[in-house]
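Following: one structure in structure tokens, then a few remarks.
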Amino acid sequence: MHRITTTLMLLAAVLLAPLATMAQEYDHEEIIEDRFDIGNGDLLTIDSDLGSIEIVGGNGGDVFLTVIKGVNNVSDREADRLFDRFELDIRESSRGLEILGDYDKPSGKINWKRSLRVHFQLTVPSDTEIDVNTAGGSISIEDIDAEVMAKTSGGSLTLEDIEGPLNAHTSGGSIKAFNIGDRTEVRTSGGSITIENADGYVSAKTSGGSIKVNGADGDVDANTSGGSITLKEVYGSVNAQTSGGSVTAEVIGQPQEDMTLKTSGGTVTLYIEDDVRADINASASGGSVSTEIPVSIIGQKKRSKLEGEMNGGGPLFTLRSSGGSVRIKDL
């Protein structure tokens with residue numbers, strides 16, 4: 001059963017075709033389509049009780065919206081009842097476009113095989129500011145030149161080619177961010193974080209997964225309570241701490257700021273070039289400390305501790321492991 005509540009121009013259908021292929025097909029669907037004219041640099045806001053969100057930036061000044069409601073394993077009448085429980089409120093203003101999704105969830109035990117699914121699919125001008133929040137779905141955003149804020153309580157986040165500041169949070173999924181701008185803050189309570197090619201500052205925090213950063217021109221702050229941390233091609237200062245895994249960092253060039261690498265449950269490995277100037281303060285309560293680059297030792301030499309100057313000294317490198325060894329290796 002298919003119901004089209006608003007007819008969309010043929011052009012919108014063409015632009016949204018790549019997005020539509022990403023949505024699941026259902027036994028019963030209700031599709032809402034519309035087009036909105038917004039100005040340069042306007043704000044798109046989505047706040048929904050339910051639904052995954054896909055946003056792609058493009059040329060032009062129009063927003064093309066498709067909302068797909070879907071359900072399986074129910075009768076036509078029950079499908080209509082479920083569709084009616086999710087209502088859209090779309091508001092246009094001088095500031096931009098606001099989309100609200102209100103879900104009147106059925107009482108009693110939820111049968112997930114028969115529950116309502118909602119997908120938001122949008123193309124927007126690339127300079128549109130994005131502020132989206134969903135209580136039950138994943139979020140995918142790409143090709144946006146402005147600030148992006150994304151939050152979900154129950155899904156993964158995929159963010160790609162974001163030039164503006166990025167702030168993203170999920171309570172129950174992984175985060176992947178590729179080719180991002182000058183300031184990035186991402187947080188998850190239940191998944192891993194992967195970041196590649198960041199132009200500026202990166203803050204990545206998770207309570208239940210690993211963190212991987214591959215390419216960061218700015219400072220990096222990485223913290224996890226339940227996984228390993230891997231940093232490659234990092235150019236700024238580094239603060240990486242984990243309570244449940246190893247820490248590996250590959251630092252390019254001569255750091256200008258202090259660095260801290262700490263773990264309570266694994267090994268710390270630092271890869272640096274042999275001409276880097278640094279002050280070293282390294283200790284391992286559960287293993288040994290070793291270095292492939294000469295260090296002028298200060299104080300007494302110990303198997304589990306190393307303190308001294310590398311190539312005459314420089315920024316302070318604090319390396320700590322409570323459950324493994326500390327290794328300094330030539331890059």
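The values are calculated or read from the model by the stated rules, or taken from the named source; none is laboratory data. Given the structure is predicted, the values throughout are model-derived calculations rather than measurements. So basically every Cβ, Gly included, is an ideal-geometry build from the backbone, and we count neighbours across all protein chains shown.
Values computed for the structure shown
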{"read-out": "Positions within the range 217-258 being part of a loop (DSSP other than H, G, I, E, B) and among the small types (Gly, Ala, Ser), in sequence order", "value": "GLY218, SER225, GLY226, GLY227, SER228, GLY236, SER237, SER243, GLY244, GLY245, SER246, GLY253"}
{"read-out": "Every residue from the range 200-209 that is touching a strand residue (DSSP E or B) at 6+ places or on another chain (Cβ under 7 Å) and either farther than 13 Å from GLY172 by Cα or surrounded by fewer than 21 Cβ atoms within 10 Å (Cβ to Cβ) (or both)", "value": "GLY200, TYR201, VAL202, SER203, ALA204, LYS205"}
{"read-out": "Complete set of residues in the range 136-163 that are crowded, with 18+ Cβ neighbours inside 10 Å and in a loop (DSSP other than H, G, I, E, B)", "value": "GLY136, GLY137, SER138, ALA146, GLU147, GLY155, SER156, GLU163"}
{"read-out": "Residues (under 12 Å from the mean Cα position of the chain (by Cα) and not in a strand (DSSP E or B)) located in the range 191-216", "value": "GLY191, SER192"}
{"read-out": "Extreme residue, surrounded by the fewest Cβ atoms within 10 Å (Cβ to Cβ), among residues of the range 74-89 that are aliphatic (A, V, I, L, M) and more than 31 Å from the chain's Cα centre (by Cα)", "value": "VAL74"}
{"read-out": "Selection count where residues are modelled with pLDDT under 90 and either surrounded by 17 or more Cβ atoms within 10 Å (Cβ to Cβ) or of a type in the set (Ser, Thr, Tyr) (or both), scope the range 90-135", "value": "4"}
{"read-out": "Some residue of the range 259-281 being in contact (Cβ under 8 Å) with a residue 12 or more places away in the chain, β-branched (Val, Ile, Thr), surrounded by 19 or more Cβ atoms within 10 Å (Cβ to Cβ) and part of a loop (DSSP other than H, G, I, E, B)", "value": "yes"}
{"read-out": "Test: residue in the range 321-328 that is surrounded by fewer than 19 Cβ atoms within 10 Å (Cβ to Cβ) and either part of a strand (DSSP E or B) or free of Cβ contacts under 8 Å to residues at least 24 places away in the same chain (or both)", "value": "no"}
